[in-house]
Amino acid sequence: MAVLGSVLIDGLAVNPEHAAISVFDIGFQRGYGCFEAMRSYDGSIFRLEAHLDRLELSAAKLRLPIPDCDSIAMWCRSTAETAGESVVRVFISGGTDARMPGTNSRVVVFAEAVRPGSSTMTIQVRTAPWHTDGDWFELTGAKALSYGFNLAASVAAQSDGFDDALLVGRSGHVLEGPTFSIGWISDGVFHTPGLEIGILESITRTAVIEVAGRLGMTIMEGLYEIDDVMSADEIFAMSTVREVLSIVQVDDRLLRAGIGTRNLQDGFTALVAEELHR
Ligand SMILES: Cc1ncc(COP(=O)(O)O)c(C=O)c1O
């Protein structure tokens, strides 16, 4: 991973080679904690407040102490300013006492170089039996550190020759990618699974829905089956890191990157420029 500049641990700058937290931290031992990934465009973070709101929500759901979001915002801004074009990551560890989460918890902030990725991606449909598939529970909506199952789905899809996975719940509902939201266009209508299915409230997804509205598209959010995706005209991934990325293969179905996705990409770029006064 190409870290740009220092790693901030509770605001103190540390050389990336020496950046470390305790092996007794339940973030390491049990994946207890929460995190965010934000995009810095030329040193300014897109929708920083929305990311910090989600971080605070995640911490509250995990019953961690309320994070000091003013300090975290300051660390994120200074990290982004130094790194420029980058992905700024924030982690709040669970701390060193499993009976009292938050004890000696650490806040880690650093920037990573934006990886020059492909302009398209391929995905493999994989069942996610660990996902609640619409049943609410107290961690629904939290961006908690325990991403092992999602990562394992990506790794499995990659070993089958795809770029990533598309997760489908055990009742057959289309959910999201392991680290992205999914959307598609069918007969000119914008479709994306609704938040009620228990997917992450993606900041990019929200922004792209705004863009689709500006473009005058009809927007449908709801419960979908995999056949709805398979019969779509265009399919795309949405995330902070990927922005809006055309999906050109789902299992053995091949698609082309289309004009609808192109318009959403252009609209998203324009929205970022508008909000960050670029
Ligand atoms: C499971 C999942 N869904 C969707 C997303 C996209 O969210 P955002 O647009 O806020 O980056 C992510 C991002 O990491 C994710 O992990």
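Under a 5 Å amide H cut-off, with hydrogens placed 1.01 Å from N, S146 pairs with G33 among residues at least 5 apart or on other chains. Across the chain, the relative contact order, built from alpha-carbon pairs under 8 Å that are at least six residues apart, equals 18 percent.
Neighbour counting of Cβ atoms within 10 Å sorts the residues R63, R99, R205, fewest neighbours leading, into R99, R63, R205. Relative to the longest principal axis of the Cα atoms of the chain, helix 69-83 runs at roughly 70 degrees. For the chain, compute Rh as the Kirkwood radius over C-alpha pairs and then the Stokes-Einstein diffusion coefficient at 25 °C and 0.890 mPa s; write the answer in µm²/s, rounded to an integer. Estimated diffusion coefficient is 126 µm²/s. For H18 and L139, the difference between the fully extended length at 0.36 nm per residue and the C-alpha to C-alpha distance is 40.3 nm. Using the charge dipole of region 120-275 (Lys, Arg: +1 at Cβ; Asp, Glu: -1 at Cβ; taken about the Cα centre), state which of G148, I209, G169 has its Cα farthest towards the positive end. Result: G148, furthest along the dipole toward the positive end. The calculated FRET efficiency for the pair D266 and S186, based on their C-beta separation and a Förster distance of 22 Å, comes to about 0.60. Shown here: region 1-51, whose C-alpha atoms stretch 36, 25, 21 Å along the first, second and third principal axes, sorted largest to smallest.
Going from the residue with the fewest nearby Cβ atoms within 10 Å to the one with the most, L4, L195 rank L195, L4. Proximity of backbone amide H atoms, modeled 1.01 Å from N, is registered between L4 and A111, E112, A113 at under 5 Å, excluding neighbours fewer than 5 places apart on the same chain.
In debye, nearest 20: dipole of region 3-113 around its Cα centre with unit charges on the Cβ of K, R (+) and D, E (-)? Intermediate results must be reported in sequence, preceding the final value.
Numbers: 10 positive and 14 negative charges, 89 e Å.
Roughly 420 debye for region 3-113.
When D10, D42 are sorted by how many other C-beta atoms sit within 10 angstrom of their C-beta, beginning with the fewest, the order is D42, D10. Under 11 Å from a point placed 7 Å out from the Cα of E201 along the Cα-to-Cβ direction: which residues of region 50-88 have their backbone N that close? Correct set: 50-51, 53-58.
Beta bridges per DSSP, both residues in region 120-275: antiparallel share near 55 percent.
With a Förster radius of 45 Å, plug the Cβ-Cβ distance of I66 and D233 into 1/(1 + (r/R0)^6) and report the FRET value to the nearest 0.05.
Computed FRET efficiency for I66 and D233 comes out at 0.50.
Helices in the chain, meaning DSSP H runs of at least 4 residues, each add -39500 (n - 2.57). Divided by all residues, the mean residue ellipticity at 222 nm is -9000 deg cm²/dmol.
Here region 197-235 and region 240-273 have alpha carbon centers that stand 12 Å from each other.
For the pair R170 and E49, what calculated FRET efficiency results from E = 1/(1 + (r/R0)^6), where r is the Cβ-Cβ distance and R0 = 35 Å, to the nearest 0.05?
On the way: r = 35 Å, r/R0 = 1.00.
Given R0 = 35 Å and the Cβ-Cβ separation, E is 0.50.
Values quoted throughout were computed directly from the atomic coordinates according to the rules given, and no laboratory measurement underlies them. Please read these numbers as outputs of a predicted model, since none were measured by experiment. Positions of Cβ are backbone-derived with ideal geometry, glycine not excepted, and every protein chain shown enters the neighbour counts.
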